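Here's the structure, in C-alpha cells; my notes come after.
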Amino acid sequence: ASTGTIANPTASTVGNIITTRAAIGYDSNNSPAFSSQIVQTVDEFGTVGANQVPGKILFLMHDDEPTISGVAINRLGYVGIGPSAIDPPEALSVVGNVYTEGWIQFGSFSDAEIASVTPANGMVYYNTTDNRFRGYQNGGWINLDDGTAA
C-alpha cells in the first residue's frame, strides 16, 4: 500500500491497509450487508524501515448482532480471538466470553511420550502413565494435585 503512485511511491505507514477482501451478502430485506472480511495491514505497533513492513492479518466476521468479531494475527505471530481482538498482547489472547459453558481438554501423554517434548514453564498435561495432571514449573515437572516433583 502506498499513498503515492506506482511511478513515485510513498513509503507505507503504520496502520495502512495493504489489501482487503470483503464478502457482502443480502439481508432479509434484500439489501447488501457486510458478512466477513480479510484485511492485510501494516501493523500499527510495528516500525516501517528499510526492507521491513510489519504486517498484520485480520479475519473479521459479522454475527447476528450489530457487532464484529474475528481473529487477528500480528507482526509477532500473536493470535487474538474474539470481539475487539485487534492487537493481541500475548501469543494467544481470547477476548470476551468466547465459551460460556464447557471444559478444556489438556493434552494427554505417557511418560515415554512426554520425554520427547521440550518443556517450558507453564505447560500443563495429563499423564496417562500415572493418571495425574502435571505442570512444568521452575524448570521441572510437578504433580498438580499435591505439588510434589514428578
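Can you give me the number of residues within the stretch 25-47 that are of a type in the set (A, V, I, L, M, F, W, C) and modelled with pLDDT of 90 or more? Residues flagged as of a type in the set (A, V, I, L, M, F, W, C) and modelled with pLDDT of 90 or more within the stretch 25-47 amount to 3.
Considered as a group, the residues in the stretch 64-95 that are part of a strand (DSSP E or B) and open to solvent by 70 Å² or more (accessible area, probe 1.4 Å) include one that is modelled with the highest pLDDT, and that residue is Leu92. Being open to solvent by 60 Å² or more (accessible area, probe 1.4 Å) and free of Cβ contacts under 8 Å to residues at least 12 places away in the same chain is the filter here; which residues of the stretch 114-145 pass it? Hits for the stretch 114-145 are Ala115, Ser116, Thr118, Asn131.
The values are calculated or read from the model by the stated rules, or taken from the named source; none is laboratory data. Just so you know, these numbers come straight off a predicted model, no measurement behind them. All Cβ positions, glycine included, derive from the backbone under ideal geometry; neighbour counts span all protein chains shown. For the accessible areas, the whole protein counts, side chains as well, though only heavy atoms, and no ligand, DNA or RNA atoms are used. Shrake-Rupley method; radii C 1.70, N 1.55, O 1.52, S 1.80 Å.
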